[in-house]
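The values are calculated or read from the model by the stated rules, or taken from the named source; none is laboratory data. Nothing here was measured: the structure is a model prediction, and the numbers come from that model. Because the Cβ atoms are built from the backbone with ideal geometry, glycine has one as well, and the counts that use them run over all protein chains shown. What goes into the accessible areas is simple: the full protein's heavy atoms, side chains included, and nothing from ligands, DNA or RNA. Shrake-Rupley method; radii C 1.70, N 1.55, O 1.52, S 1.80 Å.
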Amino acid sequence: MELKVQKLVLTEDLAVTKILNWLRQQDGPVLAWENPDQSTRLFASQIALQPMTEQITFAAVSQWLDTVRSQLQLTGASQWQDVHVVGGFLFDMQDLRLQNWGALSSGLIFIPKILLSYHANKWQLIVVSAQTVDLENLLTQIKQQSALKTAATELFAYHEVMPRKWAASVEKIVQQIQQQKVNKVVLARTAEGQLGSYCPENIWLQLQKQHPNAYHILLRAKNAALLSATPERLVKFANGQVLTGAVAGTTTKINDAKIDHKRAQALLQDPKNLGEHQLVVQGITTALQQLNLQVQHPKQPQILATANLQHLFTPIQAHGRFDPLQILAKLHPTPALGGDPKQTALTLICQEELQGRGLFGAPIGYLTLAQTGEWAVNIRSGLLKEQTLTLWAGAGIVADSDPTSELQETSNKLKSLLLAFNVKD
Ligand SMILES: C=C(O[C@H]1C=CC=C(C(=O)O)[C@@H]1O)C(=O)O
């Protein structure tokens, strides 16, 4: 069966609240994704094509894309830019403790049947389907929606899951580091709560309001919805360049300019956080150099501020000939989410964490057939399955980590999303 690509370029702006209201009525899968400067926004619904594989690895998706080109009836190379592959990978294909993740438990990568995309200040409606679809009519349906209204949600029975057990794992990891078995491990833990009635698209809107300097992501399939307001980009492919960065090292932010500035200055000089950060810069640089890319980055980190935290951040740029999926495979997980060395850290994560990470810490984003794209690292993230909310947060454990302060840091990270799930009328 051959699929056609149809496109309508819009001359007007579209209200995201209307798109969300339309998306809310779609069975799914559904993706709502925008980057922090809102230069790219994607709202996708239904599957036109999905990789025919049990294991959605980077290599499998790469192979699948080779066959996709032959299944699509493309009228010219300019259409490559229109076909978006979207979704999220699993954090670790070796760790299949995924009972929480429901319909998302294999990760989810697909070419959407319907996509509203916003790139370079322009909205486009792109449909990939065997049938001819009346695009004008579909657009009218979306434009005629009313704006999605804020709906109340109530979070109750919120609790962090076995924090003392996690602190004991931190101590264990610190010992392993001191015995030079590993240099850094990012150890994550969870918190859980129960929700009354809720609307995932509404929570996305809350995240957008409360976390202006972040990606805003919803990936929803059947009984599972993942939501994220992550500040961390894994990688962007644009104009033949690879744009990535290291985000690691954390202090709090209370929205008092003087105090926050003081904390930021202390973070920029703190040897423990600088060491933790440097391992990420080094890990990313080495990975890209191994792919024969020329890498550049400033010597000193800067501050990346979120709604309630401040991080050390080093932007990293690379150029040369590259294959995006090969870069994703090589970068993920960076030592900001896995550790150093990568494989040892992943084994320890699997041993010490109480549940599989599923899509936590994993790449979520898009790639076009023209090899452009952008992937966020799915942190500051929660999973909704039926009425249960699970939040994840991790912290980089290094030789001088103190379990109590790592507990506090992960508690702050867990709490950063809470407000979005507890909305009063
Ligand atoms: C793993 C997380 O954060 C990473 C990103 C920024 C700072 C980090 C840190 O300071 O440990 C982590 O590497 C998380 O928020 O769950």
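Does ALA329 meet the test of being open to solvent by 40 Å² or more (accessible area, probe 1.4 Å), within 17 Å of the chain's Cα centre (by Cα) and either of a type in the set (Gly, Ala, Ser) or more than 28 Å from ASP256 (Cα to Cα) (or both)?
For ALA329, the condition - open to solvent by 40 Å² or more (accessible area, probe 1.4 Å), within 17 Å of the chain's Cα centre (by Cα) and either of a type in the set (Gly, Ala, Ser) or more than 28 Å from ASP256 (Cα to Cα) (or both) - is met.
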Show the residue pairs that are 6+ apart or on different chains and have beta-carbon atoms under 8 Å apart, the first residue being within the range 158-174 and more than 20 Å from THR388 (Cβ to Cβ), the second being of a type in the set (D, E, K, R) and assigned to a helix (DSSP H, G or I). ALA167/GLU406; SER169/GLU352; VAL170/GLU406; LYS172/GLU352; ILE173/GLU352
Might you let me know whether the range 395-406 holds any residue that is more than 8 Å from the ligand (Cβ to nearest atom), open to solvent by 10 Å² or more (accessible area, probe 1.4 Å) and closer than 27 Å to PHE156 by Cβ? no
Of the residues LEU309, LEU279, LEU304, which single one is touching a Lys or Arg at 6+ places or on another chain (Cβ under 8 Å), touching a residue at least 40 places away in the same chain (Cβ under 8 Å), under 13 Å from ALA246 (Cβ atoms) and of a type outside the set (Val, Ile, Thr)? LEU279
Checked the range 52-90 for anything open to solvent by less than 40 Å² (accessible area, probe 1.4 Å) and part of a helix (DSSP H, G or I); matches are PHE58, ALA60, VAL61, SER62, TRP64, LEU65, VAL68, GLN79
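Of all residues being among the β-branched types (Val, Ile, Thr) and closer than 11 Å to GLY249 by Cβ in the range 262-287, which is farthest from the ligand (Cβ to nearest atom)? Just the residue, please.
In the first step, residues of the range 262-287 are kept if they are among the β-branched types (Val, Ile, Thr); the result is 280-281, 284-286.
Next, only the ones that are closer than 11 Å to GLY249 by Cβ stay: 280-281.
On the way: VAL280: 7, VAL281: 12 Å.
Filtering first and then ranking leaves VAL281.
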Within the range 354-388, take every residue that is more than 12 Å from the ligand (Cβ to nearest atom) and of a type in the set (D, E, K, R) and give me the one that is most open to solvent (accessible area, probe 1.4 Å). GLU386
Out of the range 281-304, which residues are within 21 Å of THR230 (Cα to Cα) and surrounded by 17 or more Cβ atoms within 10 Å (Cβ to Cβ)? VAL281, GLY283, ILE284, PRO301, ILE303, LEU304
Select the strands (runs of 3 or more DSSP E) contained entirely in the range 279-396, then report the ones holding at least 3 residues which are touching a helix residue (DSSP H, G or I) at 6+ places or on another chain (Cβ under 7 Å). 309-319, 363-368, 381-385
Do you know which residues across the range 208-261 are open to solvent by 10 Å² or more (accessible area, probe 1.4 Å), within 11 Å of the ligand (Cβ to nearest atom) and more than 23 Å from ALA329 (Cα to Cα)? THR250, THR251
Taking the range 306-342 on its own, how many of its residues are among the aliphatic types (A, V, I, L, M) and within 12 Å of the ligand (Cβ to nearest atom)? 4
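Looking at the structure I just gave you, is LYS122 loosely packed, with under 15 Cβ neighbours inside 10 Å, touching a residue at least 40 places away in the same chain (Cβ under 8 Å) and under 25 Å from the mean Cα position of the chain (by Cα)? Working first, answer last.
On the way: loosely packed, with under 15 Cβ neighbours inside 10 Å: yes; touching a residue at least 40 places away in the same chain (Cβ under 8 Å): yes; under 25 Å from the mean Cα position of the chain (by Cα): yes.
It is true that LYS122 is loosely packed, with under 15 Cβ neighbours inside 10 Å, touching a residue at least 40 places away in the same chain (Cβ under 8 Å) and under 25 Å from the mean Cα position of the chain (by Cα).
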Taking the conditions exactly as written (within 14 Å of the ligand (Cβ to nearest atom) and within 22 Å of the chain's Cα centre (by Cα)), does LEU414 satisfy them or not? yes
Does the range 136-152 contain any residue that is modelled with pLDDT of 95 or more, in contact with a strand residue (DSSP E or B) (Cβ under 8 Å, 6 or more places away or on another chain), more than 14 Å from LEU42 (Cβ to Cβ) and small (Gly, Ala, Ser)? no
In contact (Cβ under 8 Å) with a residue 40 or more places away in the chain and over 17 Å from ASN202 (Cβ atoms), is that true of GLY382? no
Give the range 205-221 a look and list any residue that's more than 17 Å from LEU195 (Cα to Cα) and either without any contact (Cβ under 8 Å) to a residue 24 or more places away in the chain or not hydrophobic (A, V, I, L, M, F, W, C) (or both), or say none. GLN208, LYS209, GLN210, HIS211, PRO212, ASN213, TYR215, HIS216
